[in-house]
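The values are calculated or read from the model by the stated rules, or taken from the named source; none is laboratory data. The shown structure was predicted, so the numbers you read here are calculated from the model rather than taken from an experiment. Cβ placement follows ideal geometry from the backbone for every residue including glycine, while neighbour counts extend to all protein chains displayed. Accessible surface areas use protein heavy atoms only, side chains included; no ligands, DNA or RNA. Shrake-Rupley method; radii C 1.70, N 1.55, O 1.52, S 1.80 Å.
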Amino acid sequence: MASRKHLAAVKGAKVLMVGAGGIGCELLKTLALSGFQDIHIIDMDTIEVSNLNRQFLFRQSHVGQSKAKVAREAVLKFRPEISITSYHANVKDSDFNVDFFKKFNVVLNGLDNLDARRHVNRLCLAADVPLIESGTTGFLGQVTVHVKGKTECYECQPKPAPKTYPVCTITSTPSKFIHCIVWAKELLFAKLFGDKNQANDLNVRSSDGASSSEQAEDVFEHRNDEDIEQYGRRIYDHVFGYNIEQALSNEETWKNRNRPRPIYSRDVMPNGLGQQNGSMEKNGASNDVYSVSAMASLGMKNPQDIWSLMENSSVFLEALKLFFLKRQKPFEAKGIAGNIVHAVATTNAIIAGLIVIEAIKVLQNDTKNYRMTYCLEHPARKMLLMPVDPFEPNKSCYVCSETPLSLEINTHRTKLRDVVEKIVRAKLGMSLPLIMHGSALLYEVGDDLDEDMVANYAANLDKVLSELPTPVTSGTMLTIEDLQQELSCKINIKHREEFDEEKEPDGMVLSGWTQSPAVAQDDKKSTANAGSTSNASASTEAEKTDDVETTGRKRKLSEASEAVNPDIPSVAGSSTRNPEKLELVDDDDELVIFDNWDSVTSKKIKLQ
């Protein structure tokens, strides 16, 4: 039975929920049933049909309406006595500033993107309000506690960005298998089934600098006078034939590379071969979107076979025909392509319950019992839920410890605009940045700026760093601030002439933001992957240890599992020695995997 102190902490708490999606629906319900009386919800999204399988507060009739408002109305039907305030808005709006966050006793995140998570983390630090983070992907989930000065903040451990590849390498000189995959998935697929006006024409430049854009101006448009077979062959000839010829005209490029061979459909497949081999009607393809298969249509049954050039070409044309004949929506197409990890409602419910448990601990200031808990897909050391002590704040974190960063950059070629877009916004996640060199203001964003200031800052954006009114050169220390987030950090500029186009496509390298000692000790053995679940996580050799540290003493993981969750049965002879530690960055979307989970748990720093 709950103690009086417990009940008082819950009833007197003012709670802010950010996100009313998969986790948010379960969380709001659990908060209401746990006795919380004053709950505020922020969510900018509206309800879609695809939400209904797991976001149980919503019904078909709610499609198109605000998630936050409908969730509020649904919960008030069975808990009419409590207060729920909803905001159909973006948490990054200026209304939700530090003063707004100071009104709450705890903030609970159920967001679906890294940018918003970082923004909330910074506002919580500035307002000195505890934050409880969460995320799920399929059967995997996590809950983490972040209290200023006591535990690490959300950004103490860097979230590696998804691997990117220069477009010029992908389109002109691909040299790796992954280049072909990225080309097909991100460029060709997007051009065929996405916005045909996007800045992606899949062309290359010849040696005289002329572009093939004139020839290709309408190549991706399906003409009224051609059938699907003709259209597919025209696309095939353009991307595998014409573009290759254009690339070969750059003689200098191929001096030390194997020259590619242009391929045209007439050389690989006689006219009409597609009609002879593949027919959607003949092969009885159903209307089920997930039954669409070029292989089945062509009578190819073994997916492990190595295809010939003709078979590859046939699959390309047949797949194109099937997509255009069936008119698949982009969402369905991405699902078929494997971009989406479908959510599991049970995982969301488990994570929501864990969030509330940690929220109650925070409200009671029960520091010794804070836990980061990971929900695993398969039993690992007899555990499906793995709780561990939070880490201490990372002294190298530029967000909560204000440690200076270092930026290697070519100050004679790089413009201020590149620094703002690629570093300040993309990597540091600042919304309203202000950049200073000493007392000189180089750039600022705000509604209260006069026209002359706006024009001056706009002019600065297009200037090379070394040619700014106050030149930025090697050794310059820039101060970057975000007034909305009340965040300030310093960046030390280091001039560097050349960058590896493949490994450093941005032409600049930000460093100084390192993992805390708890993880960094095994950094050489550990890799992490943030971003879409379609990104592969590199495997590393893990240390073999069976210990987990708990407050007060060290004991075997098997003992800890039975003490934390005695209802989970032991798995005799389990061969799982190194369970993956996951850090889910997006609800239903993204995750980070630490392959040497043992080294993380056995060497973590306990809270003092």
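For the reader, a short list of remarks on this structure follows.
- Residue in region 415-422 that is open to solvent by less than 20 Å² (accessible area, probe 1.4 Å), closer than 19 Å to T473 by Cα, in contact (Cβ under 8 Å) with a residue 24 or more places away in the chain and in contact with a strand residue (DSSP E or B) (Cβ under 7 Å, 6 or more places away or on another chain) present: yes
- Of the residues making up region 363-414, those that are modelled with pLDDT of 90 or more, closer than 23 Å to S474 by Cα and charged (D, E, K, R) are E408, R413.
- The conditions of being under 25 Å from G353 (Cβ atoms) and of a type outside the set (V, I, T) are not met by L125.
- Only one entry of V315, V292, V268 meets the criterion of being farther than 20 Å from F189 by Cβ and either open to solvent by less than 40 Å² (accessible area, probe 1.4 Å) or at pLDDT 55 or above (or both), and that entry is V268.
- For region 176-187, a residue qualifies if it is out of contact with any Phe, Trp or Tyr (no Cβ under 8 Å at 6 or more places or on another chain) and buried (at least 17 other Cβ atoms within 10 Å of the Cβ), and the qualifying residues are W183, L187.
- Hits in region 368-406 - residues which are crowded, with 17+ Cβ neighbours inside 10 Å, among the polar types (S, T, N, Q) and over 29 Å from G138 (Cα atoms): N394, S396
- Enumeration of residues in region 64-98 that are more than 19 Å from V129 (Cα to Cα) and part of a helix (DSSP H, G or I): K67, A68, K69, V70, A71, R72, E73, A74, V75, L76
- Residue count for region 6-51, restricted to those that are within 20 Å of V143 (Cβ to Cβ), of a type in the set (D, E, K, R) and touching a residue at least 60 places away in the same chain (Cβ under 8 Å): 2.
- The sole residue among R122, R72, R117 that is in contact with a strand residue (DSSP E or B) (Cβ under 7 Å, 6 or more places away or on another chain) and open to solvent by 50 Å² or more (accessible area, probe 1.4 Å) is R72.
- The residue pairs whose first member lies in region 496-509 and is among the hydrophobic types (A, V, I, L, M, F, W, C), whose second member is outside any strand (DSSP E or B), and whose beta carbons are closer than 6 Å, counting only pairs six or more residues apart or on different chains, are F499/G507.
- Restricting T136, T151, T173, T144 to residues that are under 19 Å from T253 (Cβ atoms), open to solvent by less than 50 Å² (accessible area, probe 1.4 Å) and at pLDDT 70 or above narrows the list to T173.
- For K77, the requirement of being out of contact with any helix residue (DSSP H, G or I) (no Cβ under 9 Å at 6 or more places or on another chain) and either closer than 22 Å to A349 by Cβ or surrounded by fewer than 16 Cβ atoms within 10 Å (Cβ to Cβ) (or both) is met.
- Here region 154-170 is the region considered, the condition is being open to solvent by less than 20 Å² (accessible area, probe 1.4 Å) and at pLDDT below 75, and the residue that is farthest from E502 (Cα to Cα) is I170.
- Residue count for region 467-485 satisfying the condition of being of a type outside the set (A, V, I, L, M) and open to solvent by 30 Å² or more (accessible area, probe 1.4 Å): 8.
- Apart from one condition, I355 fits all of (1) open to solvent by less than 60 Å² (accessible area, probe 1.4 Å); (2) within 30 Å of P469 (Cβ to Cβ); (3) modelled with pLDDT of 90 or more; (4) within 23 Å of the chain's Cα centre (by Cα); the exception is (2).
- In region 15-22, the count of residues that are modelled with pLDDT of 95 or more, in the same structural domain as Q65 (by the TED database) and surrounded by fewer than 17 Cβ atoms within 10 Å (Cβ to Cβ) is zero.
- Any hit, region 421-434, residues being of a type in the set (S, T, N, Q), in the same structural domain as Q484 (by the TED database), in contact with a Gly (Cβ under 8 Å, 6 or more places away or on another chain) and not in a helix (DSSP H, G or I): no
- From the list A216, A184, A190, the one residue that fits, being modelled with pLDDT under 70 and among the hydrophobic types (A, V, I, L, M, F, W, C), is A216.
- Selection of region 360-390 for residues being hydrophobic (A, V, I, L, M, F, W, C) and either more than 27 Å from K5 (Cα to Cα) or touching a strand residue (DSSP E or B) at 6+ places or on another chain (Cβ under 8 Å) (or both) yields V362, L363, M372, C375, L376, A380, M383, L384, L385, M386, V388.
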